[in-house]
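Q: Take a look at this one; I'll ask things after.
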Amino acid sequence: MNMNLEELIKTVYSENDFGRSIATALAGVAGLLSYNWRGDWVISAFTAMIVFPVTRIIAQAVHTNWASRQEKSEKQRKLREQFDRYSSEEKKILRFFVEAGGACVSWGYVNTSPLPFPRPALNSLMQRGVICTSVMEDGMAESFVLDIDVFDIAQNVFSNEQAALEKQFLES
């Protein structure tokens, strides 16, 4: 019995699963409170066994949600830092995609568009791995494809800039 109790204690305190750790603690508290209230160790044990899985599920869901939000926030922060490192010419290319309305534009659209499309900046973004070439859905026209995450952050930045300009215009 002594060895089993020792192994149980070692297992509980070396646990790395967040949900299980919280559930173990809350089940222990619930069992202790139940024992203090009723004075019956059987009811106390059943209380702990009932509380454990419920709190584990809830704690794991809350922790997973929190970790997902943190990961998304960190990814957004890194993308914004990456965006801020682009040159003004590279940002013209990104604005071109945003104003074109998508992360994919054809060569024909680039050649006929009145929007600025500085070729050295295009090559720079291609070297960074942000833009690649592809073929359009017709299988014939060549196109440029911007990384979706970079497109999303550029769209966000440029729409915020536009909103700030509109606000400034309305206030003057």
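Q: Please work out which one of (1) in contact (Cβ under 8 Å) with a residue 40 or more places away in the chain; (2) touching a helix residue (DSSP H, G or I) at 6+ places or on another chain (Cβ under 7 Å); (3) surrounded by 15 or more Cβ atoms within 10 Å (Cβ to Cβ) is the condition R80 fails and give its number.
A: (3)
Q: May I pose another question? Which of the residues belonging to the range 103-158 are at negative phi, among the small types (G, A, S) and free of Cβ contacts under 8 Å to residues at least 60 places away in the same chain? Don't jump to the end; show me each part of the working.
A: So the first thing to find is which residues in the range 103-158 are at negative phi, and the list is 103-128, 130-138, 140-158.
From what is left, the residues that are among the small types (G, A, S) are 103, 106, 108, 113, 121, 124, 134, 141, 143, 154.
Within the range 103-158, A103, S106, G108, S113, A121, S124, S134, A141, S143 meet the criteria.
Q: Ok, one more. I'd like to check something: does the range 73-90 contain any residue that is more than 30 Å from R119 (Cα to Cα) and assigned to a helix (DSSP H, G or I)? Don't jump to the end; show me each part of the working.
A: Going through the range 73-90, the residues more than 30 Å from R119 (Cα to Cα) turn out to be 73-74.
Then keep just the ones that are assigned to a helix (DSSP H, G or I); that gives 73-74.
Yes - at least one qualifying residue is present in the range 73-90.
Yes/no matrix, rows are residues, columns are (1) in the same structural domain as R20 (by TED's automatic domain parsing); (2) among the hydrophobic types (A, V, I, L, M, F, W, C); (3) in contact with a strand residue (DSSP E or B) (Cβ under 8 Å, 6 or more places away or on another chain):
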site	(1), (2), (3)
W66	yes, yes, no
R69	yes, no, no
S73	yes, no, no
G101	no, no, no
V105	no, yes, yes
V110	no, yes, yes
M126	no, yes, yes
S143	no, no, yes
V150	no, yes, no
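Q: When you go through (1) free of Cβ contacts under 8 Å to residues at least 24 places away in the same chain; (2) within 26 Å of the chain's Cα centre (by Cα); (3) under 14 Å from D147 (Cα atoms) one by one for E74, which number turns out not to apply?
A: All conditions pass for E74, except number (3).
The values are calculated or read from the model by the stated rules, or taken from the named source; none is laboratory data. Since this is a predicted model, take the numbers as computed values, not measurements. Heads up, the Cβs are rebuilt from the backbone with ideal geometry, glycines too, and the neighbour counts pull from every protein chain shown.
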